[in-house]
Amino acid sequence: EQVIEVLAASDGATAHSIAVSLRMLADEVEEMLEDLHANGEVEKDEDGLWVVPDMAGPDDPYIF
């Protein structure tokens, strides 16, 4: 949950920068990010930064 909080507060972050801010090992954070990605909770953007996907808004064509 702390990993998601760090990502939500940023415009994107690397596993290393998250690990430094949470005082964790980068390998552990990378593993957590991969698990969160598998669950659809985080994504990697075109720059290779981890981000929390935007919440669907009223203009989202997939909202019924």
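A short reminder: the numbers here are calculations on the coordinates, not readings from a lab. Since the structure is predicted, the reported quantities are computational estimates derived from the model, not experimental observations.
Some observations on this one:
- Extension gain, Glu34 to Ser10, is 6.8 nm, computed as 0.36 nm per intervening residue step minus the present C-alpha separation.
- Taking 0.36 nm per residue of sequence separation and removing the Cα-Cα distance, the Glu1/Ser21 pair yields an extension gain of 5.8 nm.
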